[in-house]
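The values are calculated or read from the model by the stated rules, or taken from the named source; none is laboratory data. Keep in mind that what you see is a predicted model, and the values were worked out from it rather than measured. Note that each Cβ is placed from the backbone with ideal geometry, even for glycine, and that neighbours are counted across all protein chains shown. All accessible areas refer to the heavy atoms of the entire protein, side chains included, with ligands and DNA or RNA removed. Shrake-Rupley method; radii C 1.70, N 1.55, O 1.52, S 1.80 Å.
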Amino acid sequence: MTQDSIEGPRSWHAALLTLLILSISFGSPLIIVVGLKPMQAALHVDRGVLSVVAALVWIGNGLGGILMGWLADRIGVRRTVMLGVTMMAAGLALSSLGTIWALLVGHGLLIGFLGNGAIYAPLIVHVSRWFDRRRGTAIALISSGQYVSGIIWPTVMQAGIDRYGWQATMLAYAVVVLALLPLLPLLHAAPEAKSSPLGPAAGLPGAGQAVLGMPPNVAMALICLASFLCCVPMALPASHLVALCGDVGIPAVQGAAMLSVMLACAFLSRQFWGAFADRFGGLRTIMTGSFFQMLAIGAFMLTRNEIGLFTIAGAFGLGFSGIIPSYSVAIRDLFPAKQASWRIPMVLFTAMSGMAAGSWFGGWLYDVYLSYTVAFGVGVLFNLGNLVVIVALVSRLARDPARRRSGLMRAKVGQGAALDPQRG
């Protein structure tokens with residue numbers, strides 16, 4: 001750790017522990033993704049009904065993060081995450097009762113709002129406070145917990161569902177989640193921010209000052225709108241890929257493997273996007289990743305061939321993986337650090353609301369048209385709307401002299417970090 005940086009070995013210890021926690025916590029909502037078709041058959045409901053259950057997890061996660069981000073600043077991130085782990089396990093146990101109401105309450109309230117809501121956003125804020133030079137890389141790494149989870153758990157869950165049923169699989173995963181509790185004492189408070197090359201001198205505004213030439217909350221609202229628009233299409237493959245495979249005659253085991261391939265590609269590319277964000281900033285990273293996501297979403301309408309779907313799923317994973325972490329980086333780029341505890345959860349809430357909307361309307365449009373083609377077409381339109389908003393924000397970034405100086409400083413710091421092996 002250098003004198004002008006808060007980063008050091010403990011920073012990376014915090015990031016790796018967070019990665020482990022998220023790799024397990026994000027597995028909880030995957031059971032309903034992998035088991036969508038057998039659950040639909042067992043409960044005798046439309047696919048859209050179960051899509052509401054999946055959507056409530058995203059809404060609960062985002063809304064809970066706002067409250068829990070505030071709570072973590074007051075009681076500490078360790079206690080907040082402990083609450084989330086306990087509630088998540090309780091939600092899985094309740095959902096295993098096998099009724100629609102148990103699934104709605106178990107997933108929406110316990111797994112989403114009180115579970116991942118108390119884990120995801122507070123940990124993102126927590127780790128962002130451990131880093132100033134490589135914040136994008138660190139946030140990309142810990143956010144990859146979602147993809148590590150997707151690589152490991154779908155195939156395991158599919159095997160459990162095939163052999164023991166989805167209810168027993170939920171109970172078993174509750175035990176896996178509770179295994180996190182002994183690790184939580186290792187979560188330590190982040191250090192106070194020191195003077196750094198990316199601090200106020202680099203162009204960050206003080207409280208109440210204009211952001212990108214706009215009132216701060218107007219800029220914040222546009223970023224939130226962009227996060228919603230990009231996450232609607234993002235949710236379609238994430239929530240419906242396994243079911244889509246089953247509809248076109250691809251076995252469920254292959255569908256689960258396809259989901260794992262998609263998330264494995266996302267994990268690998270997310271590290272690239274993190275370095276990209278450190279060099280070029282959060283907004284430019286969102287813009288670039290969103291463009292590639294839009295191409296992949298459109299490609300899902302073009303084939304039902306197994307090899308073609310595997311290829312497109314992998315390409316989608318490569319493109320979309322850097323988008324969500326870059327919103328957190330953008331917030332830290334544009335707003336004072338002390339506002340992170342509510343601004344980051346707020347933008348994550350709108351992003352999760354977009355995931356919820358995409359998950360739900362994908363199932364609803366399937367029930368109407370008995371095909372996912374229309375859903376992917378609508379997803380392309382939402383993605384285009386995201387690009388319009390983000391390009392407008394990036395154009396303001398390019399015209400802001402202070403931001404240009406910040407970008408030059410970011411590039412110099414990134415080069416220095418690469419040349420100095422003692423940093424980080």
Sorted largest first, the C-alpha extents of segment 302-370 along its principal axes in whole angstrom are 49, 27, 12
Can you pull the one-decimal nm distance between simple spin-label points at residue 164 and residue 399, each 7 Å off the Cα toward Cβ? 6.0
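Just from its helices, what would the mean residue ellipticity at 222 nm be for the chain, if runs of 4 or more DSSP H residues each count -39500 (n - 2.57) and the sum is divided by every residue, rounded to the nearest 500 deg cm²/dmol?
-25000 deg cm²/dmol
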Rounded to the nearest whole Å³, what is the per residue volume of the convex hull around the Cα atoms of segment 240-363? 100
What is the helix-to-structure angle for 323-334, meaning the angle in degrees between its Cα long axis and the longest Cα principal axis of the chain, kept from 0 to 90 and rounded to the nearest 10? 20
Between (1) 25.4, 83; (2) 20.5, 62; (3) 19.8, 57, the structure-derived Rg and Dmax of the Cα atoms in Å is (2)
How many angstrom lie between the C-alpha centres of segment 299-351 and segment 6-38? 16
Using label points projected 7 Å from each Cα along Cα→Cβ, tell me how many nm separate residue 73 and residue 214, to one decimal. 2.2
Hey, what do the phi angles of segment 357-368 turn into as Karplus ³J(HN,Hα) couplings, whole Hz, using 6.51/-1.76/1.60 and θ = phi - 60°, x for Gly and Pro? 4, x, 4, 5, 6, x, x, 5, 5, 5, 4, 6
Working with all protein chains in place, sort 73, 46 by solvent-accessible area computed with a 1.4 Å probe, largest first. 46, 73
Work out from phi, with θ = phi - 60° and the Karplus expression 6.51 cos²θ - 1.76 cosθ + 1.60, the ³J(HN,Hα) of each residue of segment 140-156, listed in order in whole Hz, and give x for Gly and Pro. 4, 4, 5, 5, 5, x, 4, 7, 4, 4, x, 6, 7, 7, x, 5, 5
3J(HN,Hα) from dihedral phi, segment 225-234, Karplus parametrisation 6.51/-1.76/1.60, rounded to Hz, x for glycine, proline: 4, 4, 5, 5, 5, 7, 7, 4, x, 4
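Evaluate the relative contact order of the chain (contact order divided by residue number), counting alpha-carbon pairs under 8 angstrom at least 6 apart; express in whole percent.
26
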Amide H contacts of residue 335 (H built 1.01 Å from N, under 5 Å, at least 5 apart or other chain): none
Given axes a ≥ b ≥ c from the Cα gyration tensor, I'd like to know whether segment 58-166 is rounded (a/c under 1.5), prolate (a/b larger than b/c) or oblate. oblate
Which of rounded, prolate, oblate describes segment 257-307, given a ≥ b ≥ c as roots of the alpha-carbon gyration tensor eigenvalues and a/c under 1.5 marking rounded, otherwise prolate only if a/b is larger than b/c? oblate
Rounded to the angstrom and largest first, Cα extents along the principal axes for segment 31-105 equal 45, 20, 20
Going by a ≥ b ≥ c, the root eigenvalues of the Cα gyration tensor, does segment 111-162 fall in the rounded group (a/c under 1.5), the prolate group (a/b larger than b/c) or the oblate group? oblate
Quick one: which of 323-336, 287-300 comes out on top by average Cβ neighbours within 10 Å, and what's the full order, highest first? 323-336, 287-300
Arrange the peptides 177-184, 52-59, 82-89 so that the one whose residues have, on average, the most other Cβ atoms within 10 Å appears first. 52-59, 82-89, 177-184
